[in-house]
Amino acid sequence: DVKVTQSSRYLVKRTGEKVFLECVQDMDHENMFWYRQDPGLGLRLIYFSYDVKMKEKGDIPEGYSVSREKKERFSLILESTSTNQTSMYLCASKGMGGTYEQYFGPGTRLTVT
Amino acid sequence: EDQVTQSPEALRLQEGESSSLNCSYTVSGLRGLFWYRQDPGKGPEFLFTLYSAGEEKEKERLKATLTKKESFLHITAPKPEDSATYLCAVQVYGQNFVFGPGTRLSVLP
């Protein structure tokens with residue numbers, strides 16, 4: 001079974017603090033994704049990576065950056081948090097090519113006060 | 001613009017009362033349609049992939065079907081443990097996925 005883990009389940013940060021969310025997958029997947037999920041808006045793609053050190057912006061990259069130094073890890077960085085970044089953050093991974101499904105981690109509920 | 005909508009937004013069923021959830025899409029080119037189940041506070045769990053109109057997939061009490069413009073998730077004789085939010089997503093090109101807002105299903109005993 002594919003396993004995707006995220007470093008934290010819940011985080012509470014103050015405005016302006018730096019946040020580092022880490023995602024690890026154990027299935028040697030090439031593709032990894034970061035989404036945020038907000039009520040009524042569904043999942044929105046922040047960034048994805050199709051290989052080590054490769055990344056592409058999604059629909060809402062502003063205020064976020066990512067890092068992928070190893071194939072199994074994909075990190076989402078919020079350099080200076082703001083209250084509008086309060087959300088559920090979901091990481092996903094997917095095999096290369098075709099229309100394989102994405103596998104999701106358990107999510108990180110981030111609250112910025 | 002690629003778009004996925006789901007209806008209804010929320011659905012309450014009695015245990016054993018069968019029904020269907022709808023996922024409608026307007027996309028430039030469909031590569032695959034995915035159904036996920038999401039429990040509160042957890043990540044989505046993969047259920048089905050459909051690739052072409054006329055295709056059907058089944059798993060226990062769930063059956064997914066696909067037409068050229070929409071997909072249905074049929075739930076037969078649901079149980080309380082089927083209560084969850086059901087998400088639909090389409091892959092349009094490359095690794096680009098568009099998710100619908102979900103249908104929140106409650107099955108009452």
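The values are calculated or read from the model by the stated rules, or taken from the named source; none is laboratory data. It should be emphasised that the depicted structure is a prediction, and the values quoted were computed from it without experimental measurement. Ideal geometry is used to build each Cβ from the backbone, glycine not excepted, and the neighbour counts take in all protein chains shown. For accessibility, only protein heavy atoms count, side chains too; no ligands or nucleic acids. Shrake-Rupley method; radii C 1.70, N 1.55, O 1.52, S 1.80 Å.
Data overview
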{"item": "Residue-averaged beta-carbon neighbours from other chains (10 angstrom radius) around B:96-103", "result": "5"}
{"item": "Theoretical gain in end-to-end length, A:SER67 to A:ARG109 [0.36 nm per residue, Cα-Cα removed]", "result": "13.1 nm"}
{"item": "Apportionment of accessible area to carbon and sulfur, region A:40-113, percent (1.4 Å)", "result": "51"}
{"item": "Solvent-accessible area buried by pairing B with A, both sides, nearest 100 square angstrom, 1.4 angstrom probe", "result": "1600"}
{"item": "Lysine pairs within chain A, Cα separation less than 14 Å, 8 or more sequence positions apart or different chains", "result": "6"}
{"item": "Reachable aspartates and glutamates, given that their alpha-carbon falls under 18 Å from the alpha-carbon of B:LYS57 and they are not under 8 places away in the same chain", "result": "A:GLU101, B:GLU45, B:GLU70, B:ASP82"}
{"item": "Most to least accessible of B:THR26, B:THR85, B:THR49 (protein chains only, probe 1.4 Å)", "result": "B:THR26, B:THR85, B:THR49"}
{"item": "Residue-wise HN-Hα coupling along region B:89-102, computed from phi with Karplus coefficients 6.51, -1.76, 1.60 (Hz; x: Gly, Pro)", "result": "9, 10, 9, 9, 6, x, 10, 8, 10, 10, 9, x, x, x"}
{"item": "Rounded FRET efficiency, nearest 0.05, which uses the C-beta distance separating A:MET54 from A:SER8 and R0 of 25 Å", "result": "0.50"}
{"item": "Accessible area per residue, Å², the protein assembly as shown with all protein chains present, probe 1.4 Å", "result": "49"}
{"item": "Binned Cα-Cα distance frequencies in chain A - 10 Å width, integer %", "result": "15, 51, 29, 5, 0"}
{"item": "Rounded to the nearest 20 debye, dipole of region A:58-113 from Cβ charges on Lys, Arg, Asp, Glu", "result": "220"}
{"item": "Per-residue HN-Hα couplings for region B:54-63 [Karplus 6.51, -1.76, 1.60; θ = phi - 60°; Hz; x = Gly/Pro]", "result": "x, 6, 9, 9, 10, 8, 6, 8, 10, 9"}
